[in-house]
Amino acid sequence: MLSFTPGSLSQAIDDHITWLAEWHRVAFIETMPRVDHVKRIAPPASFADWYKGALHSLPQDQPSVDRLAVLHDQLHTLARLVIMKTPDGAQIERKDYEAVIAKHTEFLQGLRRLERAFAVAASGIDLLTGLRSRVGLKEDLQREQSRFLRNGKSYCVAMMDIDHFKGINDTHGHDAGDHVLAAVADHVSRSIRPFDDAFRLGGEEFLICLKEATLGDGLKVLERLRANLEKLPIALADGKMITITASFGLTVSADDVSVEELLHRADQALYRAKNQGRNNVVVLEANGG
């Protein structure tokens with residue numbers, strides 16, 4: 001099975017550039033009849049192999065990947081039909097030629113966008129928000145835990161969730177939702193210190209690591225962030241202005257608490273914050289209080 005890597009997508013891109021050159025030869029150079037050369041313009045196997053691997057390896061509901069598969073089928077069906085319908089000795093009609101070229105260009109652009117997206121994901125950067133992604137999250141927190149155990153300087157972990165985010169998508173559309181995520185992420189980045197970390201966990205959920213911070217320090221930072229987000233005007237593409245609120249779950253490192261337990265406590269605190277009406281900060285200390 002081919003893996004869903006930028007390298008394997010690069011192979012599909014290269015193969016389809018070579019394929020277009022071969023299609024040109026069949027369409028304009030080779031001796032007649034053209035139908036005798038149709039097998040030479042069969043689809044390269046590289047994209048189909050990659051797509052089969054992606055179906056098994058990627059999470060469900062990948063519209064950008066499914067769209068590429070549709071474009072791939074459209075391109076090769078169109079290219080074959082143009083060859084077969086053109087009488088021997090006649091030139092391929094300009095509109096048919098331009099349709100094949102346009103479809104090929106659209107398909108390659110889609111491949112390259114997806115290739116870039118996978119490269120960014122592998123780098124640990126969330127493509128939409130510019131924040132760090134889940135990649136390497138636990139390793140980073142484990143390094144912070146080791147630092148804490150060496151020097152005794154605590155750090156805080158907070159889970160953050162944008163309140164009623166589904167309603168934003170339902171009311172204003174998913175493009176507006178993406179815009180809100182990017183605006184919130186930008187505000188979070190500017191609200192923490194340069195050496196603190198912010199991650200997008202997925203959807204509308206984020207994680208913030210405040211280094212060398214006590215529980216009191218963390219609470220001050222998050223309360224200020226919560227209040228500022230509540231007042232932050234977010235302009236949508238259609239000119240509408242909306243505001244959002246967010247809920248936070250906060251905890252702090254402890255000698256006998258692992259990184260996994262710390263994440264669990266922050267998640268528990270966030271759950272309580274949402275159950276207590278949202279738009280608030282709930283603290284869960286190492287003793288569970």
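Remarks
- Area projected by the alpha carbon convex hull of region 44-147, averaged over all directions, nm²: 9.1
- Residue (of ILE13, PRO43, GLY130) at the positive-pole extreme of region 1-139, dipole from beta-carbon charges: GLY130
- Judged by the mean number of other Cβ atoms found within 10 Å, the most tightly packed of the peptides 218-228, 237-247 leads the ranking 218-228, 237-247.
- Share of carbon and sulfur in the accessible heavy-atom surface of the chain [1.4 Å probe, %]: 53
- Only Lys, Arg (+1) and Asp, Glu (-1) charged, at Cβ; region 146-289 dipole about Cα centre in debye: 400
- Principal semi-axes of the equivalent ellipsoid, √(5λ) from the alpha carbon gyration tensor of the chain, are 52, 21, 14 Å from largest down.
- Calculated from the alpha-carbon coordinates, region 113-214 shows an Rg and a Dmax of 15.2, 50 Å respectively.
- The slack in the chain from ASP49 to ARG190, taken as 0.36 nm per residue of separation less the alpha-carbon distance, amounts to 46.5 nm.
- Angle in degrees between helix 45-57 and the longest Cα principal axis of the chain, rounded to the nearest 10: 30
- The mean sequence separation of alpha-carbon pairs under 8 Å and at least six residues apart, normalised by the residue count of region 108-204, gives a relative contact order of 35 percent.
- Each Lys and Arg adds +1 at its Cβ and each Asp and Glu adds -1 at its Cβ; summed about the Cα centre, region 108-207 shows a dipole of about 560 debye.
- Spread over its residues, the convex hull of the C-alpha atoms of region 210-281 is 113 Å³ per residue.
- Seen from LEU284, the other residues with C-beta closer than 12 Å to its C-beta sum to a net charge of -1, counting Lys and Arg as +1 and Asp and Glu as -1.
- Computed per residue of the chain from DSSP H runs no shorter than four, each worth -39500 (n - 2.57), the mean residue ellipticity at 222 nm is -19000 deg cm²/dmol.
- Charge tally in the Cβ shell below 13 Å around ARG112, where Lys, Arg are +1 and Asp, Glu are -1, ARG112 excluded: -1
- Degrees separating the helix 259-275 axis from the principal Cα axis of the chain, which is the longest one: 80
- Nearby aspartates and glutamates by direct alpha-carbon distance to LYS153 (threshold 20 angstrom, same-chain neighbours under 8 apart not counted): GLU139, ASP140, GLU144, ASP196, ASP197, GLU212, ASP217, ASP255, ASP256, GLU260, GLU261, GLU285
- Computed magnitude of the charge dipole of the chain (debye, nearest 20; Cβ of K, R +1, Cβ of D, E -1): 300
- Accessible surface area normalised per residue over region 111-223 is 49 Å², counting heavy atoms of protein chains with a 1.4 Å rolling probe.
The values are calculated or read from the model by the stated rules, or taken from the named source; none is laboratory data. Just so you know, these numbers come straight off a predicted model, no measurement behind them. Because the Cβ atoms are built from the backbone with ideal geometry, glycine has one as well, and the counts that use them run over all protein chains shown. Heavy atoms of the whole protein, side chains included, go into the accessibility calculation; ligands, DNA and RNA do not. Shrake-Rupley method; radii C 1.70, N 1.55, O 1.52, S 1.80 Å.
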